[in-house]
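Colleague: Mind looking over this structure? Questions follow.
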Amino acid sequence: MNIGQAFSMAIKSIRNNKARSILTMLGIIIGVAAVITLVTIIQGYQKEFIRQVSDMGTNVVQVSYYYDQRDVSRGITEKARSMPEYVQAMTPNQSNWYTVKLRDKSRDSRIIFGSEQYDICTNYNIEKGSMFTYNNVLNADRVCVIGQALKNELFNFENPIGKTVHIQGEKFRVVGVLEEKNMQWGDYYDNICIVPYTNNRLLMKNPSVSEYVIQAVDGEATKAIITEMENYFKQLLGRDWGYWIYSENQFMEFYNEQIALMSLIGGGIAGISLVVGGIGIMNIMLVSVTERTREIGIRKSIGARRFDIISQFLIESGTLSLCGGLLGILLGALLSLIFGRLIFKDLVLLPSLFIVVGAAGFSIVLGMFFGFYPANRASKLNPIDALRVE
Amino acid sequence: MPLIEIHNLYKVYNPGEENEVRALAGVSTQIERGEFVAVLGTSGSGKSTMMNILGCLDTPSHGTYRLGGTPVEQLSDNQLSKIRSLAIGFIFQGYNLIKDLTALENVELPLVYRNMGRAKRRRIATEALQRVGLGDRLQHLPSEMSGGQQQRVAIARAISTAPPILMADEPTGNLDSRSSREIMELLRALNRQGTTIILITHDRELAGYAARTIELRDGRIISDQPTVLAKEGAV
Ligand SMILES: Nc1ncnc2c1ncn2[C@@H]1O[C@H](COP(=O)(O)OP(=O)(O)OP(=O)(O)O)[C@@H](O)[C@H]1O
Ligand SMILES: [Mg+2]
């Protein structure tokens with residue numbers, strides 16, 4: 001059978017019955033639009049989530065110990081150093097708000113008590129100068145690395161490296177400036193000043209360092225680090241409470257499960273509407289076969305084989321469904337844009353090429369699947385009986 | 001071996017019911033290759049019924065039909081389609097054009113089922129329409145043409161494939177006498193080129209174009225003889 005001819009016949013019969021065709025396609029349109037919107041929004045969530053997490057740093061384990069005033073920093077540091085195959089870097093992460101002064105200018109900033117690896121563990125880049133060194137930490141040197149917001153406030157266009165600022169009346173020499181983090185939380189992450197954590201006794205009334213961040217080499221390593229740290233605290237305290245160990249990766253697993261569940265439910269709903277759409281197509285194809293019994297009789301009487309008739313009607317139902325699918329894709333893209341705007345502020349959501357091609361292909365298959373029964377029925381007609389139908 | 005051989009053919013509509021009709025009641029005959037046969041008979045005498053069976057569109061209730069020596073009742077659906085596609089051209093009494101297709105597309109259709117390329121079948125179909133005097137109606141839909149024009153499209157469709165057997169059921173039923181004679185001349189020319197032609201008509205004059213006339217009445221053959229007029233080369 002000539003595919004081009006069957007195809008143009010199909011287009012003709014869709015155009016001749018516009019209202020009916022659109023109504024028939026409606027199920028497919030809605031189903032495809034639902035699937036596309038859903039998948040695109042889920043992908044948007046994933047993108048957004050990955051972006052946020054990677055802003056914070058991936059494969060990070062956070063450890064807190066607030067139970068008593070005991071200084072666990074040595075122990076935790078040693079423990080971390082004992083497993084270099086898992087740990088890439090680690091730092092205390094204690095912070096306190098103090099006023100930082102330069103001459104007549106001042107700003108209330110978050111002073112962070114960290115190690116020389118603070119930038120690695122919390123995903124900062126150095127813009128100018130460098131982080132302080134391990135030796136600075138050992139010697140409790142009065143040096144600091146400042147964030148963009150603090151730099152802008154105090155130094156404006158002046159080069160801050162080598163300058164001295166005052167924190168709590170103590171002099172600190174600026175050795176580095178951090179790049180801007182630019183996250184959704186105002187300048188919270190940029191209005192900071194990192195000092196060697198060994199300055200805790202100098203600056204804090206209550207000098208215990210309770211929070212730590214460990215950068216793991218990869219996702220698997222976070223699990224090992226969590227286990228090891230738990231063992232450390234259990235041994236140290238003789239119980240399994242009073243400390244807190246947490247990784248985004250655990251949350252990510254939970255989050256992925258939630259997304260999978262959401263996809264399943266949404267996919268189920270969309271699937272049902274697609275089946276309903278398919279049944280609509282089957283129905284209309286049965287009507288079409290009945291209406292065109294005479295035409296089928298003519299075709300068979302001038303030499304069409306069963307295969308020719310079947311392929312003609314399959315092409316027709318496939319085309320009908322594909323048209324619905326394409327309209328559904330358009331609608332889905334539009335809905336994705338709208339919902340994308342509402343849910344994510346600065347993320348333009350559009351269906352990926354893979355989904356578009358997949359949806360188009362799927363609607364052809366769907367149309368052919370539900371068109372097969374009517375097509376097969378048409379092909380079995382006896383020519384003379386078909387010709388007698390008026 | 002005769003091209004067409006029917007033996008004791010019966011066709012009973014609605015058997016066993018109140019409105020039972022014996023459209024054919026024991027018809028036997030043979031038709032050789034290259035013959036031009038007219039089937040004559042009053043309305044309702046069973047002409048179309050016989051033709052449909054000969055054209056492999058319908059099956060007899062009883063009796064045998066051998067086409068080129070092969071018993072037709074043993075053929076599969078696809079084999080019958082192949083015969084209809086390659087061996088037989090059928091002109092229906094009721095034209096049977098597809099209403100959504102133009103004249104040209106209708107005439108092209110049998111060629112489509114022969115898997116002929118687009119350009120070639122376009123050319124052949126156009127030629128066939130020109131032969132029946134419709135060269136200027138290629139893009140018209142059946143609904144845009146007169147009864148006689150539709151009938152001629154149906155004729156063009158049947159001859160476009162140059163079938164070895166042409167079956168024509170009242171092919172000139174809707175044409176004026178001049179157009180009718182033109183179509184008859186066309187059939188005669190095809191017959192001279194070797195096409196076997198079976199022509200149904202109730203018009204004795206037109207039957208004169210055939211070399212042989214079979215007359216049906218109430219589903220039986222009442223006469224089967226060489227046409228007198230044809231021998232004399234009349235008209
Ligand atoms: N499908 C059918 N069901 C019942 N009876 C039928 C059917 N088709 C034909 N008949 C009957 O069979 C008989 C022969 O019909 P047929 O169509 O063969 O006649 P015909 O010779 O072609 O007549 P005409 O010259 O009017 O076309 C008629 O009496 C008709 O009523
Ligand atoms: Mg008839």
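The values are calculated or read from the model by the stated rules, or taken from the named source; none is laboratory data. These figures come from a predicted structure and were not determined experimentally. Positions of Cβ are backbone-derived with ideal geometry, glycine not excepted, and every protein chain shown enters the neighbour counts. Remember, those area values only see protein heavy atoms, side chains included, never the ligands or the DNA or RNA. Shrake-Rupley method; radii C 1.70, N 1.55, O 1.52, S 1.80 Å.
Colleague: For the peptides A:281-290, B:118-127, what is the packing order when you average, over each peptide's residues, the other Cβ atoms within 10 Å and list the highest mean first?
Modeller: Highest mean packing first, the order is A:281-290, B:118-127.
Colleague: Tell me the angle of helix A:3-16 to the major Cα principal axis of chain A, expressed in degrees between 0 and 90 and rounded to the nearest ten.
Modeller: Taking the Cα atoms of chain A, the angle to A:3-16 is about 90 degrees.
Colleague: Then there is this: For the stretch A:255-390, what is the convex hull volume of the alpha-carbon atoms per residue, in Å³?
Modeller: Looking at the stretch A:255-390, the number lands at 116 Å³ per residue.
Colleague: Residue by residue through the stretch A:252-263, what is 3J(HN,Hα) from phi via Karplus (6.51 cos²θ - 1.76 cosθ + 1.60, θ = phi - 60°)? Round to whole Hz and write x for glycine and proline.
Modeller: Once rounded to whole Hz, the list reads 4, 4, 4, 4, 5, 4, 4, 5, 4, 5, 4, 4.
Colleague: Pick from B:Glu182, B:Glu105, B:Glu170 the residue whose mean-square fluctuation is largest in a GNM of chain B, springs joining Cα atoms under 10 Å.
Modeller: So, out of B:Glu182, B:Glu105, B:Glu170, the one fluctuating most is B:Glu182.
Colleague: While we're on this one: If you take the alpha carbon radius of gyration of the stretch A:289-358 and divide it by 2.2 N^0.38 Å, what ratio comes out, to two decimals?
Modeller: So the Cα radius of gyration is 1.84 times the expected 2.2 N^0.38 Å.
Colleague: Oh, and also: Whole percent per 10 Å bin, from 0 to the bin with the longest distance: what is P(r) over all C-alpha pairs of the stretch A:22-180?
Modeller: Bins of 10 Å from zero give 9, 28, 26, 16, 8, 7, 5, 1 percent of pairs.
Colleague: Something else: Students often check this: by mean Cβ neighbours within 10 Å, which of B:147-155, B:8-16 ranks highest, and how do the rest follow?
Modeller: Highest-to-lowest ranking by the protection proxy: B:147-155, B:8-16.
Colleague: Any chance you could give the angle, 0 to 90 degrees and rounded to 10, that helix A:219-237 forms with the longest Cα principal axis of chain A?
Modeller: That works out to roughly 40 degrees.
Colleague: On to the next question. Distance between Cα centroids, the stretch A:321-390 to the stretch A:57-132: provide it in whole Å.
Modeller: 55 Å
Colleague: Using the alpha-carbon centroid of each, what span in Å lies between the stretch B:151-172 and the stretch B:122-141?
Modeller: 13 Å
Colleague: Taking each residue in A:303-313, count the Cβ atoms of any other chain within 10 Å of its Cβ, then average. What number comes out?
Modeller: 4
Colleague: Any lysines with Cα under 23 Å of the A:Lys223 Cα? List them, leaving off those in the same chain fewer than 8 positions away.
Modeller: Leaving aside lysines fewer than 8 places away in the same chain, those within reach of A:Lys223 are A:Lys79, A:Lys234.
Colleague: Turning to a different aspect of this structure: Give me the distance in nm between label points sitting 7 Å out from Cα along the Cα-to-Cβ direction at A:Phe369 and B:Ala162, one decimal.
Modeller: Output for this residue pair reads 4.8 nm.
Colleague: Longer than 20 Å from Cα to Cα, which of A:Lys181/A:Lys205; A:Lys105/A:Lys151; A:Lys151/A:Lys181; A:Lys380/B:Lys82 are they? Say none if no pair is.
Modeller: Over 20 Å Cα-Cα: A:Lys181/A:Lys205.
Colleague: Also, I was wondering about something else. Using 1/(1 + (r/R0)^6) with R0 = 56 angstrom and r between the beta carbons of B:Val12 and A:Trp241, what's the FRET efficiency to the nearest 0.05?
Modeller: It comes to 0.05.
Colleague: Using just the alpha carbons, could you tell me how many Å³ per residue the convex hull of chain A encloses?
Modeller: In chain A, the Cα hull volume divided by residue count equals 188 Å³.
Colleague: What do you get for the angle between helix A:18-56 and the principal long axis of chain A? Use alpha-carbon atoms, 0 to 90 degrees, nearest ten.
Modeller: It works out to around 10 degrees.
Colleague: When we measure straight from the Cα of A:Lys12, which lysines land under 22 angstrom away, once same-chain ones fewer than 8 places off are left out?
Modeller: List returned: A:Lys300, B:Lys99.
Colleague: Rounded to whole Hz and in sequence order, give me ³J(HN,Hα) for the stretch B:214-219 from the Karplus expression 6.51 cos²θ - 1.76 cosθ + 1.60, θ = phi - 60°, writing x for Gly and Pro.
Modeller: Here the 3J(HN,Hα) series is 10, 10, 10, 8, 6, x Hz.
Colleague: Something else about it: Taking all protein chains together and a probe of 1.4 Å, list A:Leu330, A:Leu102 from the most accessible to the least accessible.
Modeller: If we order A:Leu330, A:Leu102 from most to least accessible, we get A:Leu330, A:Leu102.
Colleague: Could you point to the residue in B:Ile91, A:Leu154, A:Leu350 farthest towards the positive end of the protein assembly as shown's charge dipole, with +1 and -1 charges on the Cβ of Lys/Arg and Asp/Glu respectively?
Modeller: Ranked along the dipole, the leading option is B:Ile91.
Colleague: With all distinct Cα pairs included, what does the Kirkwood hydrodynamic radius of the stretch A:123-190 come out to in Å, to one decimal, could you say?
Modeller: 12.6 Å
Colleague: Based on DSSP H runs of at least 4 residues, each adding -39500 (n - 2.57), what is the mean residue ellipticity at 222 nm of chain A after dividing by all its residues, to the nearest 500 deg cm²/dmol?
Modeller: My calculation for chain A gives -19500 deg cm²/dmol from helical runs alone.
Colleague: Then there is this: Mean residue ellipticity at 222 nm from the helices of chain B, using -39,500 (n - 2.57) per DSSP H segment of n ≥ 4 over the full residue count, to the nearest 500 deg cm²/dmol?
Modeller: -10000 deg cm²/dmol
Colleague: HN-Hα J couplings of the stretch A:125-135 from phi, Karplus 6.51/-1.76/1.60, θ = phi - 60°, integer Hz, Gly and Pro as x?
Modeller: With the stated coefficients, the stretch A:125-135 comes to 10, 8, 8, 9, x, 7, 5, 5, 9, 4, 5 Hz.
Colleague: Using only alpha-carbon positions, what ratio does the radius of gyration of the stretch B:167-224 give when scaled by 2.2 N^0.38 Å?
Modeller: This ratio for the stretch B:167-224 stands at 1.14.
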